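Chemist: Take this structure first; my questions come after.
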Amino acid sequence: MTARAREWGVTEALEVRCPPDTVYAALADSRRMAEWSPEVWRVWSRGDRFVGFNRRGLWVWFTVCHVVVADPGREYAFDVTTFGLPVARWGYRLTPTRHGTQVTEYWNDHRRDGWRRHLAELLGLLFTGTPAVRRAARNRTGMRLTLRRLAATCEAAD
């Protein structure tokens with residue numbers, strides 16, 4: 001049996017039939033992530049920092065996030081930590097299209113390094129129940145659902 005290769009990043013994209021500014025406004029209100037993400041059930045926000053309360057089945061955990069890219073109509077991204085350990089960067093790139101906006105959600109796990117990587121991966125397994133080698137596939141599935149929900153919300157409001 002061969003070991004599966006660890007994926008360190010994932011992107012998913014979907015066209016939303018709304019202008020980039022509308023999509024950005026929705027994303028930039030981090031409290032709304034609970035409407036779209038299959039894991040997030042609550043967000044506490046203060047300025048450019050927020051705490052995401054997450055769950056998957058019986059597993060419950062929280063993450064502390066810091067907005068690192070806030071470019072209206074173009075990109076919104078945040079770095080995620082847990083217990084002070086760097087975890088990942090999540091973001092959304094917005095590209096105008098003929099009929100609206102191409103929204104590209106991305107996740108990059110390269111913030112984990114050295115001994116902290118091993119500790120973050122252990123905490124990730126304990127909190128989410130997902131081993132590191134399966135995290136990319138799970139995130140990809142969640143991203144697809146998040147993007148579909150985001151599109152539905154934006155299109156209904158526009």
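All of the numbers you see were taken from the coordinates with simple rules; none came from a lab. Because the structure is predicted, anything quoted here is derived from the model rather than measured. Note that each Cβ is placed from the backbone with ideal geometry, even for glycine, and that neighbours are counted across all protein chains shown.
Chemist: Given the C-alpha atoms of segment 9-157, compute the convex hull and give its volume per residue in Å³.
Modeler: 98
Chemist: Calculate for the chain the 222 nm mean residue ellipticity that helices alone would give, adding -39,500 (n - 2.57) per DSSP H run of length 4 or more and normalising by residue count, nearest 500 deg cm²/dmol.
Modeler: The per-residue figure over the chain is -11000 deg cm²/dmol.
Chemist: Give the residue list of chymotrypsin sites (Phe, Trp or Tyr not before Pro) in segment 54-128 that are DSSP loop and have at most 10 other beta-carbon atoms within 10 angstrom.
Modeler: Sites meeting the loop and neighbour criteria: none at all.
Chemist: Continuing with the same structure: Go through segment 45-79 and name the trypsin sites (Lys or Arg not before Pro) that are in a DSSP coil and have 16 or fewer other Cβ atoms within 10 Å of their Cβ.
Modeler: Working: sites: R46, R49, R55, R56, R74; in loops: R74.
Counting only loop positions with at most 16 other Cβ atoms within 10 Å, the trypsin sites (Lys or Arg not before Pro) in segment 45-79 are R74.
Chemist: Placing +1 at every Lys and Arg Cβ and -1 at every Asp and Glu Cβ, with all other atoms neutral, what dipole size does segment 9-157 have around its Cα centre, in debye to the nearest 20? Each step should come with its number before you reach the end.
Modeler: Values: 23 positive and 15 negative charges, 85 e Å.
Approximately 400 debye in magnitude.
Chemist: Under a Cβ-only charge scheme (Lys and Arg +1, Asp and Glu -1), can you give me the dipole magnitude of segment 31-93 about the Cα centre, in debye to the nearest 20?
Modeler: With only Lys, Arg, Asp and Glu charged at Cβ, the dipole is about 160 debye.
Chemist: For segment 9-157, what does the relative contact order come out to in percent, with C-alpha contacts under 8 Å and a separation of six or more?
Modeler: Dividing the mean separation by the residue count of segment 9-157 yields 30 percent.
Chemist: Further question on the same structure: Put +1 on the Cβ of every Lys and Arg and -1 on every Asp and Glu Cβ in segment 18-158; which of G52, T153, Y76 then has its Cα farthest towards the positive end of the dipole?
Modeler: With unit charges placed on the Cβ atoms, the residue in question is G52.
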